Structures are given as C-alpha cells and as structure tokens.
Amino acid sequence: SDLPASGRAPGPAVPLALAPIRSVADWRDAILAKLVYALGRDQRTASDRDWFEALALALRDRVVAHALDSDNLTRAAGHKRVYYLSLEFLVGRLLVDTLTNLDMTGLTRAALGELGADFERVRAAEPDAALGNGGLGRLAACFMESAASLAIPTCGYGIRYENGLFRQEIRNGVQVELPEDWLAAGNPWEIRRPERDCDIGFGGHVEQVGDDDGATRCVWHPAELVRAVAHDTPVIGWRARHANRLRLWSARAVAPLRLDAFNAGDYLGAVADDVRARSVSRVLYPSDTTPAGQELRLRQEYFFSAASLHDILRRHLAEGYDLSRLPDMAAIQLNDTHPAIAIAEMMRLLVDRHGTAWNEAWRITCGCFSYTNHTLLPEALETWPVALMERLLPRHMQIIYRLNADHLEAARAKGAASDSLQASLSMIDETQGRRVRMGTLAFVGSHRVNGVSALHTGLMRETVFHDLHVLHPDRITNVTNGITFRRWLFEANPRLTGLLVDVLGDAVLDDPSVLAGLRGLAGDPGLRARLIACRRANKVALSNLVGEQLGIGLDPDALFDVHVKRLHEYKRQLLNILEAVSLWQAIRARPAAGWVPRVKIFAGKAAASYAQARLIIRLINDVASVINSDPVTSDLLKVVFLPNFNVSLAEIIIPAADLSEQISTAGMEASGTGNMKFALNGALTIGTLDGANIEIRDHVRADNIFIFGLTAAEVAVRRLDGWHPEFSIVASPALAGAIEAIGRGTFSPGEDTRFAPIVDELRRTDRFLVTADFDSYAEAQRRVAALWRDRDAWWRAAVLNTAGMGPFSSDRAIGEYAEKIWHVTGLER
Ligand code: H53
C-alpha cells in the first residue's frame, strides 16, 4: 500500500536492489552484513541471539520484497482483499516457518556453519510470539499462513501486546505466572509504519446534527484519544507464492510527554497519559473461553477494531474506489465476537464521517462483514453492560439501538412478534441488567456466520442462535477448522515428512489429498518399520527434554499418552488424571499382570483467576510425584507435567505422541485443532464425539480411533434430567477408589483437604460429567493397551490416521472461506 493508485509499479517481481542468493557464500555474506552493519556486532563474539537477529533481518528483506510485489499485483489487478480481525494471533516462532516457505533451510544451515554459528541454537534463540491463549489464536496464525500460501490477498489485524500469554513455572506443583517479555530484545520481523498511525477516541458526547432517530449524521466528540501505532510483520506463503501482512497495533498517548509538568519536576504526572494509553496494548487477557468482562478489554476490542477499519477505508479510498464498492473490494472476517464492535464503527464511519445514507451504509456493512463463532459456552458469549458502552462509546450505543430497532421490526414483519421472541432476538439482553449481546450484533451485521465443525454448527442452529437462524436460514454455514501442514508436519516432524516424500513423492508437499495414497500401504512392513524408527527418534528427543527439564527418565518404548491444551474443566484433564490414579492402583494390586508401559504427558496453562483449573494442575503434579517415585510401578507408569506449554513446545511434543487425548464433554469443544495436529502426525486419538473429533473419525475411519462416552445429545438429556454423580461413583469401584485416594490425601500427605474442591465437585455437581464418562473412558484405555500390544495393528491404524488427515489442512478451510464467505480467489501471476 505504498505505491500510487496508478497501478503496478514497473520493474521485476523482486526489486533488483536485493541481490539474488545464488550460493551459500552469497547468503553467508548477506547474514554477516546484517550482523555487522544493522546490529553493530562482531562475528567473533556474536551470541546465538545476535545470529538469530541477523538471519531474521536478512530473511525479512526477502519476505518484504515479496510482500511489496504481492501488494502491487493486488492493486493492479483490482483484486478483492480479506481482512482478518482477531484479538489473538498465536504465531510462535517465525524463523523456520519463513525458511521453509522460502526453501532456504539447507542453505541457511550451511551459511551459519561457515560463520561458526549453530543452526539449532540460533533457532532456539527466537522467543515465541504468544499473542494468544489457545485454539482461537493459533487458528488465526494457521489461517494467515494458508491465505498467503493460496495467494489470497489478506491483512491480519490485531494487537501488539507488550506482554503476551504469561510464562508458566511449576513450583511445588503450583502454577506460577510470570510476565512474558518477548519484545525485550526487539523484534526483527516487524516494521514500524508511522504513516499508518491513527487516533482512536473514547468517551465524550455526541452532537446531534440531523433528526433524533440516530440514523442521521452525528458528530462524536470523544473525551480521550489514544494513538494506534502500526507494526507490520510480513507473512510468506508456501513456496514463496505470495506474501501478506499481519498489522498489529500498539497504543500510546497522542502527546506522550507533558513537558510543562516534567519541567516542574512532576516526572510521573508528565507521562501519566502515556502510561494510561499504553495499558490498552499492555497485556493479552488470560481468559480463553470466558471473557474477562473488564473495561480495559472492551477498550482493547474497540481500539484495534477502529484502527483496522480506519486503515481499510483509507486504503479503499486511496485506491480510488467509491465507498459503495467496498463489499466488492473488502471481506472483513470477525474472529469471534471480540471485534464485533467493528460493525457499529463501520456504520459510524459511513454515516457520520462520509455522509452515506443509513440504509446504504447498512448494505455496505453487511456486505463486508462475516463472523466466526468459536464457542457456545454461555459464559463465553460476550455481553457488555449498556451503561459501560454508553460511557465509553456513546455514539456506538446509539447506532446499536437503531440497528436493533430495525432488526426487531424486520423480525416482527416476518412473524417473530411475540414478546419472548423479540426479547430473545434483541441485541439488548434485559435479563441480568441491560447488556449488549455482541454475538447478536455480529450475527445481524454479517452476511455469513460460521461455526468451526459440523457438530458445532449444528448446535449453533439448534441452540444459541436458533431464533436468529429461523429469521435468517441461509446465514449460518460451517467451515471446519484446519491446521497448516507446513508448521505442523513439515517443520515439526521433518523425519515423517521425509518418509512421506520418499513414499508418496514431492506432490505430498503441495497437495494434502496425496496423503490418502498411504491407505494402500497401511500393511506394508517396510513403511511400518520406517515409521516406527521415526516415531522413536521423536520420542527420544522428547524424553531428553523431559530429562533436562524435570529430571525424569522416560522409556521411549513406552506408550506416550499425551494431553496438551489449555487447562479447562470442560477439556477434562481431570478425567485423565483420575484414570491414571486408578491405573496406578490397579498396577500396584497386580504388578505382574502384563501391563503396557505408559507415560502420561500433560501440559497446559490455566487462567490465573481460574482456581479450579489451577488446582487440577496441582493435582496432576502431585499425582506425578507420588507415582514417579513408586518403585512398584516405576517401569510401567510415569506421569509428566511439562511447564510452559506454547507453540514451540507443541512442535516437539506432538510428533512424539502415540496417543492423543481429546476427551472434552461432548458438545463443549467447538472444534479443537490439537486433535488434528496429533492425528496428522500418526497418533491415535482417544476421544469423545465432540467438535472435529467426529469428522476425524469419519476420515480416519471408526476402527482407527478410540471413541467413548456420552454424545452431545445424551449430555443434554442428562443435564435436563438433573445429574447425580453419586450413582456413577457407586457403580464404579475403580472411580470410587481413585476419588477416595485423592480425598484421603494420598497425593497431598499431611494436607488431606488440599483437593477437597475437586472431590466435592465430582461428588456433588460434576458439571462436566467426568464421573458419567469414567467407565467408558477406562474401557477405551484398555482397548488402547490391547491394540498397542498388537504392534502391526497399531501401526496400521497410525498410517491410516495420517492418510485420512488431508481434509484438515487449513488450506482447505481457507479455500472454503474464500469461496463461500469472502467471494475471493487467489491472485493469478
Ligand atoms: O477456538 C478454537 C476451537 C476450540 C475453541 C477455541 C476458542 C478459544 O481458543 C477462545 C475463545 C473461544 O470462544 C473459542 O475452544 O474448540 O478449536 C478455534 O476455533
């Protein structure tokens, strides 16, 4: 977006100023030049971090060249762009991603070698960009990579959090949160874009210019302005086909220093405005599926939505288009309700700033926006108190009232006239004080609303969005999530990737459907032997890490049973650890009964304020320390909790997993994406019929996955009927024994009440139906052990898992968004 509207700049695709890299020596010199001239470091004393930075800067030059070229092509072709608005982008490290997509990994290893630097250490020197909590943020990162790979002109918009997701330490079994300062040493990937900065208002009052129905021009006089400061990170697609940008906003005061106050000696007062403004981009909220419900969070949401829309309209007008054409040129995707306020902001900009008539403004808005819903958990569907909205965003509140009146009137005209229907359809929830339902605003202002798995989309239609769905039956659609195979297969598991290329040819790197060719080879002993060797090497690598970090020795030939994801009661890490306790008790009772040696591996962070989830972490760690030091069971069972789960740790754990735990209460996990990463790498899933597990079962086939437990429909019935966990506990001696041991203090010597909140929850309410599913889960675990003993059958199933996962590529998901929702194609060259 830096060239005149006149169209494509003359000249070659990659600017000539950037010397082509023809040899290791060329590349070595380019890296060295960055080390010396951009960083001012000496080759002889450079640290791994210095080399990482030099390498990243050298790579960035090349990626930026691609990004400029992609921009020029997009503009010249008058091609529609996609804007992905997300409060989270869980990017992780970018070095290997960039090298992979530029096909420069081998060259770089060699060049660093000549410079006396070690590639693996340099790679590890990059901090994880943890600008997200879990699935939703990682999905956004996968989507950015896939959009670039499919050459779909896309700009991601989000917040450049000073401190991303906290760093987790485990001290005496307890989670401790420490700030993550990923920017402390600077970020070589990003480029400041001061010409794109803009000011965002909050508070103040509204001046009525026309009639008083809120549908004509008004002037908003904010009481406060915060400057949105733009930072771009280029995102290169597979085989460098295309490059997009991730534009992240940080906040600061419009006038960062009050010089008069400073000169008068009031050093704190002089910067108070700036400190206040910067708080907007200071921290990522640690909530995952529950909103923090705080004013600062609403400020964050409006801040980045408004800055992004300002940028989108600026670009559209600068390219010479009329606003009426915005839906032809811009598809704006709301990733969950967090940016839903953008709908009211778009109306404000069109009506108040550009003088567009109300109905035309609404046509433009609905034509541009679409919304992805990622959860049906009632506590996670955002609502904001009307009073807070009126104070912080007075003009937006007026606009929402007016939109709501139009929406309810249209519903009445279609027959939805009863008080109860009108109350259910309203953007204002009157049941718990007056609150704005952001999901309803997002639904009404979007031309398409999608769920993230077939089950979830069905439940959207039947439950939370039922009445809106009846009103707009064509609006809800499904796009099952996906993952980028570049990161989660090629980069995380180069051994398996090499094997797949040997067996299926290079085409597997470009076309995930080629994986299906493995089906015919599922019984091939040669392939099986190579797969086993590759998994074993990955398990040795993980065992080494566990040894270094926790001092626990693992047997790489044991079954690695892995449960890694955010800690949440609905994800039921508790079910898993209860089963581990019961297994331990069973082994102790009959040590010589021919048990399959197992390692239970857990990792995941709990929101700092989520007491029960933190206590589950403590239980896992306390159970681990008792079991791991039991000489009777030590060769048969180990429990490991790896601290500080993040993208980079996932890249090590997943390729080493034999069994993938996807055991949420059915109906509660919208999709899951970890489930896809494991199955792609050949782990077998033990899981409920929840989220995308159902589609994974359909593709890997029911014989190759361990399904157990209540279905979503059965869960709903149990809940309606009133659920009594004591019956399940009485009926299951194994479950009763495990709960008893925890309640008795077996894992908390001297403090038998430590886990009382967990034991009480299980015995009294059991909201997540852990006890209802326990026996079925334990039985499925026995099926797992039986299959593991039959090595041929196990590895056949593993092959069939990888073979069936082609459809779960995020390229497929992005292709569906492009076709069904955004109405955009990839850019042709
Ligand atoms: O989004 C993932 C899903 C997953 C769901 C997750 C999610 C968040 O990470 C945060 C908020 C939210 O509403 C949902 O829990 O099931 O796979 C991506 O769609």
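The values are calculated or read from the model by the stated rules, or taken from the named source; none is laboratory data. Since the structure is predicted, the reported quantities are computational estimates derived from the model, not experimental observations. Positions of Cβ are generated from backbone atoms using ideal geometry, with glycine treated the same way; all protein chains shown enter the neighbour counts.
Listing for the model above:
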| read-out | value |
| --- | --- |
| Filter result for the condition that a residue is free of Cβ contacts under 8 Å to residues at least 60 places away in the same chain, on the phi > 0 side of the Ramachandran plot and out of contact with any Phe, Trp or Tyr (no Cβ under 6 Å at 6 or more places or on another chain), over Gly722, Gly743 | Gly722 |
| The range 425-463, residues that are touching a strand residue (DSSP E or B) at 6+ places or on another chain (Cβ under 7 Å), in a helix (DSSP H, G or I) and among the β-branched types (Val, Ile, Thr) | Thr457 |
| Close pairs (7 angstrom Cβ cut-off, 6 or more residues apart or separate chains): over 12 Å from Ala656 (Cα atoms) in the range 543-557, of a type in the set (Gly, Ala, Ser) and part of a loop (DSSP other than H, G, I, E, B) anywhere | Gly547/Gly553 |
| Residue count for the range 350-361, restricted to those that are closer than 22 Å to Trp822 by Cβ and crowded, with 21+ Cβ neighbours inside 10 Å | 2 |
| Test: residue in the range 91-105 that is of a type outside the set (A, V, I, L, M) and over 22 Å from the mean Cα position of the chain (by Cα) | yes |
| Filter result (in contact with a helix residue (DSSP H, G or I) (Cβ under 9 Å, 6 or more places away or on another chain) and either crowded, with 20+ Cβ neighbours inside 10 Å or without any contact (Cβ under 8 Å) to a residue 60 or more places away in the chain (or both)) within the range 767-783 | Phe768, Leu769, Val770, Thr771, Ala772, Asp773, Phe774, Asp775, Tyr777, Ala778, Gln781 |
| Subset of the range 379-398 [assigned to a helix (DSSP H, G or I) and out of contact with any Cys (no Cβ under 9 Å at 6 or more places or on another chain)] | Glu379, Ala380, Val386, Ala387, Leu388, Met389, Glu390, Arg391, Leu392, Pro394, His396, Met397 |
| Residue within the range 556-566 that is of a type in the set (Asp, Glu), under 33 Å from the mean Cα position of the chain (by Cα), assigned by TED's automatic domain parsing to the domain that holds Met676 and surrounded by fewer than 22 Cβ atoms within 10 Å (Cβ to Cβ) present | yes |
| Checklist (1) surrounded by fewer than 16 Cβ atoms within 10 Å (Cβ to Cβ); (2) within 24 Å of the chain's Cα centre (by Cα) applied to Gly265, failing item | (2) |
| Unique match (being charged (D, E, K, R) and away from the ligand (no atom under 16 Å from the Cβ)) among Arg138, Arg217 | Arg217 |
| When residues of the range 347-377 are limited to those that are of a type in the set (A, V, I, L, M, F, W, C) and outside any helix (DSSP H, G or I), the one modelled with the highest pLDDT | Phe369 |
| Matching entry among Leu178, Leu259 (being surrounded by fewer than 14 Cβ atoms within 10 Å (Cβ to Cβ), at pLDDT 95 or above, under 29 Å from Met144 (Cα atoms) and hydrophobic (A, V, I, L, M, F, W, C)) | Leu178 |
| Given (1) within 24 Å of the chain's Cα centre (by Cα); (2) at pLDDT below 95, number of the condition Met460 does not satisfy | (2) |
| Of all residues in the range 324-338 being buried (at least 17 other Cβ atoms within 10 Å of the Cβ) and away from the ligand (no atom under 16 Å from the Cβ), the one that is nearest to His79 (Cα to Cα) | Met329 |
| Unique match (being basic (Lys, Arg) and within 16 Å of the ligand (Cβ to nearest atom)) among Arg297, Arg282 | Arg297 |
| Matching entry among His231, His221 (being farther than 26 Å from Gly355 by Cβ and not hydroxyl-bearing (Ser, Thr, Tyr)) | His231 |
| Pair list, Cβ under 6 Å, 6 or more apart: the range 784-798 residue free of Cβ contacts under 8 Å to residues at least 12 places away in the same chain, other residue part of a helix (DSSP H, G or I) | Ala793/Leu787 |
| Subset of the range 118-132 (residues that are within 17 Å of Asp50 (Cβ to Cβ) and either within 24 Å of the chain's Cα centre (by Cα) or crowded, with 23+ Cβ neighbours inside 10 Å (or both)) | Val122, Arg123, Ala124, Ala125, Glu126, Pro127 |
| Whichever residue in the range 628-670 is within 16 Å of the ligand (Cβ to nearest atom) and out of contact with any Lys or Arg (no Cβ under 9 Å at 6 or more places or on another chain) and, among such residues, is farthest from Val452 (Cα to Cα) | Ala666 |
| Single condition Arg697 does not satisfy, out of (1) under 30 Å from Arg719 (Cβ atoms); (2) away from the ligand (no atom under 13 Å from the Cβ); (3) touching a residue at least 60 places away in the same chain (Cβ under 8 Å) | (3) |
| Selection status of Arg391, basic (Lys, Arg) and either surrounded by fewer than 16 Cβ atoms within 10 Å (Cβ to Cβ) or more than 16 Å from the ligand (Cβ to nearest atom) (or both) | yes |
| Search result, residues across the range 57-69 that are surrounded by fewer than 21 Cβ atoms within 10 Å (Cβ to Cβ) and small (Gly, Ala, Ser) | Ala65 |
| Evaluation of Gly505 against (1) surrounded by 20 or more Cβ atoms within 10 Å (Cβ to Cβ); (2) free of Cβ contacts under 8 Å to residues at least 24 places away in the same chain; (3) not aliphatic (A, V, I, L, M) (one fails), failing number | (1) |
| Strands (runs of 3 or more DSSP E) wholly inside the range 186-235 that include at least 2 residues being surrounded by 17 or more Cβ atoms within 10 Å (Cβ to Cβ) and at negative phi | 198-202, 218-221 |
| Candidates Leu735, Leu710 - the one that is crowded, with 19+ Cβ neighbours inside 10 Å, more than 16 Å from the ligand (Cβ to nearest atom), assigned to a helix (DSSP H, G or I) and touching a residue at least 12 places away in the same chain (Cβ under 8 Å) | Leu735 |
| Candidate set from the range 93-116 (those that are small (Gly, Ala, Ser) and surrounded by fewer than 20 Cβ atoms within 10 Å (Cβ to Cβ)); member that is farthest from Asn244 (Cα to Cα) | Gly116 |
